[in-house]
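Visitor: Sending over a structure as structure tokens; questions will come in a sec.
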Amino acid sequence: MRLSHLLTPPSNTGSNRDCDIAWQCLNDWLDELAWQNYAKHTIKTYQLAVSQFLTFVEQDSQIATAFACTRQDLLRFFGTRLEESNIQPVSAKLALSAIKSFYQFAINQGITATDPTVGYRLKPATKKLPSIADVDLINQLLDQPMPDDAAKARLWVRDKAMFELMYSSGLRVSELASLDIGDIDLAAGLVRVLGKGNKTRQVPVGRKAVIAITNYLPHRDLWQEQDSAALFISERHGTRLSTRAIQLRLKLAATAAGIDLNLYPHLLRHCFASHLLSASGDLRAVQELLGHSNISTTQIYTHVDFAALTRIYDHAHPRAQLYKKSHNA
């Protein structure tokens, strides 16, 4: 599939030989991508990204040609795109990938010997803070009345045990679903969790979660079939509950409790981390409990409730205490 006829230099840029070479190189590169069976959508996306870049180059008086472009020129191009054109960081990253590939093709064709994208990095996108529900809302979910209907009541006994454990111990939904009966030690108040990277950690289980699981276990023993080792069992099938089933049960529980919020299992993990960190200020402990290999992953929770951390600082830091004493004197 030939694409060369699709692209010509913009008429208002004053076409010259260097301009023609750059656009012809783009056409040849797109033909090469088509020959390599790249998806049409991908080729179109790459075409748009590099076309916009070449147009920018030709309209920028500081740049002689596309093949004389420097890293500083790239910085101006992406600065303009991100600030004035207001494109998303993910789109800028895709454009950079396309431009990088274009220059590699030009080098392979002997058109240029330099690639301005070498060593150039876009700033990473700002991490989105996790949604957090306050303690009162969590209590509204977990302390809701037992349903009057006997069948629904049995399921709530199980569901309450699941959600109490998730919030009590900060479990991922996949970790909860994979728990076996032997992983929970109610007497010691501990649960053994197999996390990401097949790493095992032990996490404390709170008093209310222990009570909820204790109430659920007789139902589990009646429901389980084929000597299933799973901790949380489907009443209908007698087998391990899937992560999807747990997600649906949480949404039903939220509706039953009159909660007008999109509750999902990972939100309980976020709440566990945020509420514990706000009360303790111990980032390292929260990191261990969550099973994060890198503390930078845990640090996102320090932005969720900064006011609480400030109170901890004021209470604990010796110089802050000294200031408060002298100020109150």
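The values are calculated or read from the model by the stated rules, or taken from the named source; none is laboratory data. Since this is a predicted model, take the numbers as computed values, not measurements. Heads up, the Cβs are rebuilt from the backbone with ideal geometry, glycines too, and the neighbour counts pull from every protein chain shown. Protein only, heavy atoms only, side chains kept; ligands, DNA and RNA dropped before computing areas. Shrake-Rupley method; radii C 1.70, N 1.55, O 1.52, S 1.80 Å.
Visitor: It is to be established whether one or more residues within region 246-260 are modelled with pLDDT of 85 or more, open to solvent by less than 30 Å² (accessible area, probe 1.4 Å) and of a type in the set (D, E, K, R).
Guide: no
Visitor: Regarding Ala133, is this residue at pLDDT below 95, buried (at least 17 other Cβ atoms within 10 Å of the Cβ) and part of a loop (DSSP other than H, G, I, E, B)?
Guide: yes
Visitor: Next question, about the same structure. Kindly indicate whether Asp20 is open to solvent by 20 Å² or more (accessible area, probe 1.4 Å), assigned to a helix (DSSP H, G or I), farther than 18 Å from Arg81 by Cβ and in contact with a Pro (Cβ under 7 Å, 6 or more places away or on another chain).
Guide: Spelling it out, Asp20 is indeed open to solvent by 20 Å² or more (accessible area, probe 1.4 Å), assigned to a helix (DSSP H, G or I), farther than 18 Å from Arg81 by Cβ and in contact with a Pro (Cβ under 7 Å, 6 or more places away or on another chain).
Visitor: If a residue must be open to solvent by less than 10 Å² (accessible area, probe 1.4 Å) and either of a type in the set (Ser, Thr, Tyr) or farther than 18 Å from Gly291 by Cα (or both), how many such residues does region 159-188 contain?
Guide: The total comes to 5.
Visitor: Restricting to region 58-82, name every residue that is assigned to a helix (DSSP H, G or I), open to solvent by 30 Å² or more (accessible area, probe 1.4 Å) and either among the hydrophobic types (A, V, I, L, M, F, W, C) or outside the structural domain of Lys100 (by the TED database) (or both).
Guide: Phe67, Ala68, Leu75, Leu82
Visitor: I'm told Leu194 meets every condition in (1) touching a residue at least 24 places away in the same chain (Cβ under 8 Å); (2) under 31 Å from the mean Cα position of the chain (by Cα) except one. Can you identify the failing condition by its number?
Guide: So the condition that Leu194 fails would be (1).
Visitor: Suppose the filter is at negative phi, touching a Pro at 6+ places or on another chain (Cβ under 8 Å) and loosely packed, with under 14 Cβ neighbours inside 10 Å; does Thr55 pass it?
Guide: Against the criterion (at negative phi, touching a Pro at 6+ places or on another chain (Cβ under 8 Å) and loosely packed, with under 14 Cβ neighbours inside 10 Å), Thr55 does not qualify.
Visitor: State yes or no: is Glu235 among the charged types (D, E, K, R), modelled with pLDDT of 90 or more and in the same structural domain as Ile184 (by the TED database)?
Guide: So Glu235 fits the description; yes.
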